[in-house]
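K.L.:
Questions regarding the structure given below will be posed in turn.
Since every read-out is calculated from the coordinates, none of them should be taken as a lab result. Everything numeric here is computed off the predicted structure, so don't read it as measured data. In this analysis, Cβ positions are derived from the backbone assuming ideal geometry, glycine residues included, and neighbour counts consider all displayed protein chains.
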Amino acid sequence: MTDQDIESTISEAYVNAIAARAGAGVRPPPVRDYGIDGTFCEIQVFEENGRKERIECGALINYQLKASINCILKKETITYTLRQDAYNRLVRIKNNSIVPCILLILCLPRDKSKWMSVCEDYLQIRNCFLV
């Protein structure tokens, strides 16, 4: 895999882990890339006749996901250069969709040996500034 493929895969795993911990569903991206990398979906619990049923309904939020070592972190500010076509696509989605779309950026350390640590006690993804 290329470094960019690894960055992308780590960011997808990170987003899925956070969503799972929050009890939200994550729809995978569509087969073709039209600017949406996934969708967070609310999972509601309904009880009927003593039986609980979980249904994907309620709020949806689409997201575009980027991972990069090229983020600049200064105190409370994160700077990331987004290609113009990617920015324009997000604006078009925002202006023409009833479902909100957010940009998520996983800022990884420049040293790829520090991206992730794994042992039997924990999985740690470093510098996880997801904005």
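K.L.:
Could you name the lysines whose alpha carbon sits less than 19 Å from that of Lys94, not counting residues in the same chain fewer than 8 places away?
P.N.:
Lys66
K.L.:
Okay, moving on. How large is the Kirkwood hydrodynamic radius of region 23-96, in angstrom, based on all distinct alpha carbon pairs? Before the final figure, lay out the partial values.
P.N.:
On the way: mean 1/r = 0.0655 Å⁻¹.
Computed over region 23-96, the radius equals 15.3 Å.
K.L.:
Which value, in Å to one decimal place, does the Kirkwood hydrodynamic radius take for region 3-130 when every pair of different Cα atoms is included?
P.N.:
Details: mean 1/r = 0.0605 Å⁻¹.
By the Kirkwood definition, the hydrodynamic radius is 16.5 Å.
K.L.:
Taking a cut-off of 20 Å between Cα atoms, list the aspartates and glutamates near Lys114, but don't count ones fewer than 8 places away on the same chain.
P.N.:
Output for Lys114: Asp3, Asp5, Glu7, Glu12.
K.L.:
As a footprinting exposure proxy, order Leu106, Leu90, Leu123, Leu82 by other Cβ within 10 Å, with the fewest listed first. Intermediate results must be reported in sequence, preceding the final value.
P.N.:
Numbers: Leu106 24, Leu90 18, Leu123 12, Leu82 15.
Final ranking by Cβ density, sparse to dense: Leu123, Leu82, Leu90, Leu106.
K.L.:
If eta is 0.692 mPa s and T is 37 °C, what Stokes-Einstein diffusion coefficient results for region 18-63, Kirkwood Rh from Cα pairs, in µm²/s? Kindly include the intermediate steps, with their values, before the conclusion.
P.N.:
Values: Rh = 11.8 Å.
Stokes-Einstein gives a translational diffusion coefficient of 278 µm²/s.
K.L.:
Once phi is turned into ³J(HN,Hα) by the Karplus curve 6.51 cos²θ - 1.76 cosθ + 1.60 with θ = phi - 60°, what whole-Hz value does each residue of region 109-114 show in order, with x for glycine and proline?
P.N.:
Values per residue, Gly and Pro as x: x, 5, 7, 5, 5, 9 Hz.
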